[in-house]
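Here's the structure we're looking at; comments come further down.
The values are calculated or read from the model by the stated rules, or taken from the named source; none is laboratory data. None of the values given here were measured: they were computed from a predicted structure. Note that we place each Cβ from the backbone using ideal geometry, even for glycine, and neighbour counts take in every protein chain shown.
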Amino acid sequence: MTPDLPSRAREGPGVGLPPVPPDENSEDRWALALSAIDIIAAAGNRVGGILLRARPGPVRDAWAAALALVLLSRRLPGSADADALDGGLDLTATLASGTPVHRIGLLREARGASLLVPMAERLNPALAARLATAMDEDAPPLILFDEGDPDDPERERILPSLAERLAIHIDLNAVRLPMAALLAGEAPPPLAMLDEPGAVAKDPETALSVAAAALGIASIRAPILALRVARAHARANGRSDAIDQLREADMAAAAALVLGPRATRMPPPPPEEEQPPPPQEPPPEEPPPDQEPPEPPPPSDDTPGDDQEQPEPPPIDPTDMVLDAAQTTLPPGLLDALAAGTISKAPKSSGASGAKQKSITSGRPAGVRPGMPGRGARLALIETIKSAAPWQKVRPARADGRLAIRTDDLRIRRYIAQTQSTTIFAVDASGSAAFARLAEAKGAIELLLAEAYVKRAEVALVAFRGSEASLALPPTRSLPRARKELAGLAGGGGTPIAAGLDLARKVAEAERGRGRSALVVVLTDGRANVGGDGQTSPQEAALASARAYRVAGIAAVFIDCAPRPRPQGAELAAAMGARLVTLPRVDAKSVVAAVKAATTGV
Amino acid sequence: MRMTFPFTAIVGQSEMKQALLLAAVEPRLGGVMVFGDRGTGKSTAVRALAGLLPPMKVVPGCRYGCAPDDRSPCIEGCRERAGKRTEEAQVPFVDLPLGATEDRVVGSLDLERALATGEKRFEPGLLAKANRGFLYIDEINLLEDHLVDLLLDVAVSGTNVVEREGLSIRHPARFILVGSGNPEEGELRPQLLDRFGLSVDVRTPTDMGDRIEIVKRCDRFDRDPAGFVADFKDSEQETLDAIARARKYLPKVQVADEMLGLGARLCSAVGADGLRGELTLLRAARAQAALAHKKEVKAHHVAEVAVMALRHRLRRNVLDETGSTARITRALAELIPA
C-alpha cells in the first residue's frame, strides 16, 4: 500500500534509511496504534478519525493492513477535486454520452467504511477545509496519513482545523517492528496498559478535563473527544460504556491516543496555577521521541469532584493514571523543545492563503484555454460550444441530433490570483552591532506588517550568528505573532554568512513553491568569519552561497551596514545579483524604503 | 441530520452569545466577527442560534427561500406560481468552507440542464441558500481576497448580482454574516473588519469547573440528544420569546438626542474611524434595550455594547499595544459618570 503518487520532490534524509532511532516502547506504541483501529470501528465518526504520522514503509503498511481487516476504506486520491468529495456532474462522461452522468461523492460512497487520505499533509487546503466541515456532519471516519518528514521543519502540515477534529493522533515514525514475526503472522503482544480493564474510574469527565489542562491543551474539544474515545474503547472491549462503568484501561487509551499527542507542556507540579497557553501543534523538531517522563506526574488531588461521595469500593481517582498514560505518547521533541524554550513556535498552517499567479481554480476570471475539466478546472461551456460549432458540418452527425463535441473542443476557465509576496529578512545577528541591527530589522518588520494588510504581504526573518542560522520568524502576516516571536531574539558571536544566505534561500524557494513571490533582504556588514571548510574560507563559502541566488533567480536586496563599507559587501551583492544599498547607520525606515524600492522597481 | 446543541446549554462565552442575540434581533447590524482559538465553541454557538430561531415562512419551491410577504418579485416567479400557499422552513445555517470556489458561493450555470436540455438555467450557490439565515465562515482571515470582496458586497447590499457565463441574474441574499478567525494565523484587512457590525473575542474557558461542565454536557448530548434538548426546552423557549419580543419591540425603542451625542463623543474619544461605528453602536444599543424590554436607550445600554461595536474599528497604532478593549473601557469610564 504505497501512495499512488510520486513521492515528494524535495530530498529529505528519510528516503531509504530512516534516521530516527527505534523507540524504546516501540511495541507499546504499536499495540496502542492497533487498539485505535478497534476504537474507530466502534465509534465511527463520533471521534472524527485517526491522524497517523508515519512515513511510507512496512510499519505503516502493516497498520493499514490491520485496518483493512476491521474497516473497509475508500481512498481519496491526491488528484481529487471538490466534486470528488461531494459528487457532481461527471463532465467528461456526460459529454461523451450526451446524457447527464453523475458521480457519487466519496463522502457518501464511504458511508459505513472509512475515508483514507494518503499524503494528507499535501492535501489542498480547500479539500482539507471541506473535510473539516464534514467532520461536524455525518461523514465517514477519516484516516489521514501524514507522511511528512518529522525532522524537516519546513515540511507541509495538515490544516490545523482538520487535525483538531480527529480525536486520535498516532506517531509511528519511531516504531520498529520485528518484521519476520509480523510476516509469519504472529500477533504483536497485547499492551499491558490496556490489557486489564482495571478498576472503575471515578468521575471520568473531570479526570480528562483536568489532565487536558495540565498538559497545556487549550482546546475544549480534546477532553470531549477523549471521553468519546474512552467510551468507544469500552464498547470495543465488550464492556458497558455507561459513564459510571468506564475502567482504567478506557481512560488510559483515551489519554494516550487523544491527550498525549496534543500536549504542549509537561504537567506543572503545582496543579492549576497558570492558564493553559493557546493551542499549539507540537513542534516536531528533534528526532528522538523522549518517552520516559522525567518526573513522576504531580498529584492533583485538589481536583474538583474528588469530594463527591462515591459509595462503591473500587472507584479510583483516575487523574494521575490518565496523566501517566498520556505521557507515553507525548509528541516527539516536546521535552527538548521545552528545554530549549522554543515551544512557542506554532507551525504555520499549510499555506492556505498562498495563491498561484495563474490559477485554474480561483481568482479573477482571465479568459479560457483549451484543456480538460476536472482537477479543479471548470469547463467554459460557451467557449467549448463555440469551438465545436464550426466543425459540425464536417463531423459525422450524431443520431440524436446533438452537438458533436470532441475532447479537443473542451475549454477551461483561467483565473488570475493576485500575486502575493513574502519578504525574508536575513539578519546578521553577530558581533557587537548585533543588537542595534536586530532592533532595526524588527522595526522594519513591524512597519512592513502594519502596511501588509493592503498588499497581503508576509514577512519572515532568518537570523545568523555563532555557527548557524535559524528561522526566527516563519513567514507570517500577523503582527501580534511577529512581535511575540521576535521578542526574545538574541545577538552576538561569529558571522556565518553562508549559513544565513542558504537558509534564507531555502525559505524563499519554499515560498515560491507556495506560489508567492519572494524577496530576500540581507542585513550584514559582509564580513564572514564562520563557515567553509579546510579548503574554502568563510568568505568564499559566503560567495558560493550568494551565487546560488543568481542561479535560483531569487530577488534580493543587500543592505551593507558596515560603518565604513568595504569591498566584501559589494562583492557578495554582485554575486547574488542583488541591489546593493549601503546604510552605515541602519534604521527601520530606510530599510523599509529599500524594500519598497526593490519591490516596485523590479 | 443531527440534532443541534441547545443555545442555552453553551457554558460561558456570554459575550459571544450576547452578540449573536443582538444580531438576531437586529439583522441590520451587519454580522458578527468572532476572534478566537479553535475549540472554543464558536461554530456550535452559531449553529445553535440558527437552530433556535423559529421556522420562517417561505414561498413553496423557491430556491432562494423568498418570504411570501416580500413585495419584490422573486426572479423565478415562484411567488406568483405558489399563489397564497406558504411553507415553513428552518432558518438556514450555511457553513462556507474555506476553499469554496466562486462558483459554489455565487452560483453558476446549471451544467446539467445546459448539457441535457440546452436550457440556460442558474444554479443558485451558497449565497442563495443562506438567504434570510446565517452565513458562517470559519477562518475568514484565510479566505481569498476576491471572495472576501464579493461576500462583503453581497452582505451590504443584500443582493447577489451574477454576471457570468452568459447569465445575468440578481437575487436576494440577506444573511447575517458570522465570521471567525484566529488573529495569530493572519490578520483580516481593516476594510473587511470594519464592515462587520460586532466583534467579540472568545477565549478558551480557563475555569476548571466550566471546562468539566462543558465535557459533561457534550457527553450527555452525545448519548441522549433528545433527552438533553428536552432538558433545555424551557430556557430555549425563553430565549426564543425574548428574541421575538425584542424584534417586535425594536421599532418602538426611542433614542434620545443625548444618547446620539454620547455615541458620537465615544467614537471620537477612542478614534473609531467612520460613521459606521457610530451607526452600529446605536443600533446595537437599541437592540440591547429591546432585549431588555425598555422603551428608551439609556447610557448603560450604550456602555454594554460599546466594546463589541467598536473594538475592531479603532485605528491601529503600531507603537501602542494597549488593547482596543482597554481603550474603550477607559473612554466609557470618562464619558459615563457612574
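For segment B:122-173, the set of residues classified as in contact with a helix residue (DSSP H, G or I) (Cβ under 7 Å, 6 or more places away or on another chain), assigned to a loop (DSSP other than H, G, I, E, B) and within 25 Å of B:GLU76 (Cβ to Cβ) consists of B:GLY125, B:GLY133, B:GLU165, B:GLY166, B:ALA173, listed by residue number.
Taken over segment A:474-501, the criterion of being among the polar types (S, T, N, Q) and either within 14 Å of chain B (Cβ to nearest Cβ) or touching a His at 6+ places or on another chain (Cβ under 8 Å) (or both) is satisfied by A:THR476, A:SER478.
Return a yes/no flag: does segment A:532-550 have any residue that is at pLDDT 80 or above and in contact with a strand residue (DSSP E or B) (Cβ under 6 Å, 6 or more places away or on another chain). So far as segment A:532-550 goes, yes, one or more of its residues are at pLDDT 80 or above and in contact with a strand residue (DSSP E or B) (Cβ under 6 Å, 6 or more places away or on another chain).
Here's the yes/no breakdown for (1) aromatic (Phe, Trp, Tyr); (2) more than 10 Å from chain B (Cβ to nearest Cβ); (3) surrounded by fewer than 24 Cβ atoms within 10 Å (Cβ to Cβ); (4) over 22 Å from the mean Cα position of the chain (by Cα):
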{"site": "A:SER209", "(1), (2), (3), (4)": "no, no, no, yes"}
{"site": "A:ARG221", "(1), (2), (3), (4)": "no, no, no, no"}
{"site": "A:ILE224", "(1), (2), (3), (4)": "no, no, no, yes"}
{"site": "A:ASN237", "(1), (2), (3), (4)": "no, yes, yes, yes"}
{"site": "A:MET251", "(1), (2), (3), (4)": "no, yes, no, yes"}
{"site": "A:VAL258", "(1), (2), (3), (4)": "no, yes, no, no"}
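Take the conditions farther than 20 Å from B:CYS218 by Cβ, modelled with pLDDT under 90 and in a helix (DSSP H, G or I) and apply them to A:PRO261. Does it pass? Taking the combined requirement at face value, the residue satisfies it. Looking at B:GLN90, is it polar (S, T, N, Q), surrounded by 21 or more Cβ atoms within 10 Å (Cβ to Cβ) and more than 21 Å from B:VAL156 (Cα to Cα)? In short, no. In segment A:551-602, of all residues being within 37 Å of the chain's Cα centre (by Cα) and assigned to a loop (DSSP other than H, G, I, E, B), the one that is modelled with the lowest pLDDT corresponds to A:VAL602. Selection of helices (runs of 4 or more DSSP H) fully inside segment B:198-270 by the criterion of at least 2 residues being not assigned by TED's automatic domain parsing to the domain that holds B:ALA289 returns B:208-223, B:225-231, B:233-249.
Taken over segment B:25-54, the criterion of being in a loop (DSSP other than H, G, I, E, B) and either within 21 Å of B:GLY158 (Cβ to Cβ) or modelled with pLDDT of 80 or more (or both) is satisfied by B:GLU26, B:GLY30, B:GLY31, B:THR40, B:GLY41, B:LEU53. Among the residues of segment A:99-125 satisfying the criterion of being assigned to a helix (DSSP H, G or I) and of a type in the set (A, V, I, L, M, F, W, C), which is nearest to the other protein chains (Cβ to nearest Cβ)? Filtering first and then ranking leaves A:LEU107.
Can you confirm whether A:LEU583 is in contact with a Cys (Cβ under 8 Å, 6 or more places away or on another chain) and closer than 18 Å to A:VAL459 by Cα? No; evaluated as a whole, the condition is false for this residue.
Filtered by the rule that a residue be modelled with pLDDT of 80 or more and in contact with a Pro (Cβ under 8 Å, 6 or more places away or on another chain), segment A:169-186 gives A:HIS169, A:ILE170, A:ASP171, A:ASN173.
Within segment B:262-275, does at least one residue satisfy the condition of being surrounded by 11 or more Cβ atoms within 10 Å (Cβ to Cβ), among the acidic types (Asp, Glu) and free of Cβ contacts under 8 Å to residues at least 24 places away in the same chain? No, because not a single residue in segment B:262-275 is surrounded by 11 or more Cβ atoms within 10 Å (Cβ to Cβ), among the acidic types (Asp, Glu) and free of Cβ contacts under 8 Å to residues at least 24 places away in the same chain. Against the conditions (1) in a helix (DSSP H, G or I); (2) loosely packed, with under 15 Cβ neighbours inside 10 Å, B:HIS301 satisfies every one except (2). On the stretch given as segment A:187-213, residues that are at pLDDT 75 or above, among the charged types (D, E, K, R) and either over 27 Å from A:ALA226 (Cβ atoms) or assigned to a loop (DSSP other than H, G, I, E, B) (or both) total 2. Looking only at residues of segment A:381-401 that are under 21 Å from A:SER97 (Cβ atoms), away from chain B (no Cβ under 14 Å) and among the hydrophobic types (A, V, I, L, M, F, W, C), we find that the one that is surrounded by the fewest Cβ atoms within 10 Å (Cβ to Cβ) is A:ALA399. Of all residues in segment B:286-295, those satisfying the criterion of being more than 16 Å from the chain's Cα centre (by Cα) and hydrophobic (A, V, I, L, M, F, W, C) are B:ALA289, B:ALA290, B:LEU291, B:ALA292. Does segment B:39-47 contain any residue that is touching a residue at least 12 places away in the same chain (Cβ under 8 Å), on the phi > 0 side of the Ramachandran plot and in contact with a Ser or Thr (Cβ under 7 Å, 6 or more places away or on another chain)? Within segment B:39-47, one or more residues are touching a residue at least 12 places away in the same chain (Cβ under 8 Å), on the phi > 0 side of the Ramachandran plot and in contact with a Ser or Thr (Cβ under 7 Å, 6 or more places away or on another chain).
Taking (1) modelled with pLDDT of 70 or more; (2) out of contact with any Gly (no Cβ under 8 Å at 6 or more places or on another chain); (3) closer than 30 Å to A:LEU85 by Cα in turn, A:LEU410 satisfies each apart from (2).
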